[in-house]
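Worksheet for the structure shown next.
The values are calculated or read from the model by the stated rules, or taken from the named source; none is laboratory data. Not measured: the values here are computed from a predicted model. Neighbour counts run over all protein chains shown; Cβ positions are idealised from the backbone, glycine included.
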């Protein structure tokens with residue numbers, strides 16, 4: 001028999017899809033445990049997809065409703081929400097980025113500071129850190145050609161590339177830098 005109930009943590013939301021009283025029903029609860037939506041569907045998998053789509057579109061709506069980048073206080077709260085679950089390597093990259101000249105680093109430098117073998121791995125993990133931040137503080141981000149967000153932009157912007165430099169450089173957002181400072185993550 002197919003599974004009749006699925007409970008899933010998705011982007012900080014709790015999703016429930018279940019067969020109940022002769023039909024498939026789904027619910028989404030927010031971070032504050034408040035019920036956000038109830039849906040009906042024709043099957044568990046279809047319902048889970050609809051619930052995930054609801055959460056995804058709520059992030060997009062929040063991000064698109066912003067008229068300016070998040071403020072320092074918002075970044076401080078966002079970091080406070082994710083700090084305890086961050087690996088030491090992520091904190092090491094944040095610290096190194098904050099302490100870098102002009103708060104600008106290449107992905108190779110980020111890799112070295114986080115103990116990663118190469119720039120590709122650093123890009124992946126710094127992007128995952130940006131994604132964690134985005135999921136508590138949605139903001140407008142650029143996208144790859146395939147439509148996926150470039151989550152590193154939640155932390156940094158691209159720096160001007162000098163003629164002598166062959167690598168992409170990330171410049172820490174000033175609001176992120178001030179949040180890192182206020183939280184003492186730069187020591």
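Scanning the stretch 165-183 for residues that are assigned to a loop (DSSP other than H, G, I, E, B) and at pLDDT 95 or above, we see that the one that is surrounded by the most Cβ atoms within 10 Å (Cβ to Cβ) is 173.
Might you let me know whether the stretch 128-140 holds any residue that is surrounded by fewer than 17 Cβ atoms within 10 Å (Cβ to Cβ) and farther than 24 Å from residue 61 by Cβ? Checked the stretch 128-140: no residue is surrounded by fewer than 17 Cβ atoms within 10 Å (Cβ to Cβ) and farther than 24 Å from residue 61 by Cβ. Taking the conditions exactly as written (in contact with a strand residue (DSSP E or B) (Cβ under 6 Å, 6 or more places away or on another chain) and part of a loop (DSSP other than H, G, I, E, B)), does residue 141 satisfy them or not? When the stated conditions are applied, residue 141 passes them. Selection over the stretch 110-123 of residues that are without any contact (Cβ under 8 Å) to a residue 12 or more places away in the chain, over 18 Å from residue 99 (Cα atoms) and surrounded by 15 or more Cβ atoms within 10 Å (Cβ to Cβ) gives a count of 1.
Can you find even one residue in the stretch 156-164 that is in a loop (DSSP other than H, G, I, E, B) and within 28 Å of residue 12 (Cβ to Cβ)? No, the conditions are met nowhere in the stretch 156-164. Identify, from the list 96, 18, the residue that is surrounded by 12 or more Cβ atoms within 10 Å (Cβ to Cβ) and in contact with a strand residue (DSSP E or B) (Cβ under 6 Å, 6 or more places away or on another chain). Being surrounded by 12 or more Cβ atoms within 10 Å (Cβ to Cβ) and in contact with a strand residue (DSSP E or B) (Cβ under 6 Å, 6 or more places away or on another chain) holds for just one of 96, 18, which is 18.
Every residue, every condition in (1) assigned by TED's automatic domain parsing to the domain that holds residue 127; (2) at pLDDT 95 or above; (3) at positive phi, yes or no:
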residue	(1), (2), (3)
19	no, no, no
22	no, no, yes
42	no, no, no
46	no, no, no
76	yes, yes, no
92	yes, yes, no
95	yes, yes, no
109	yes, yes, no
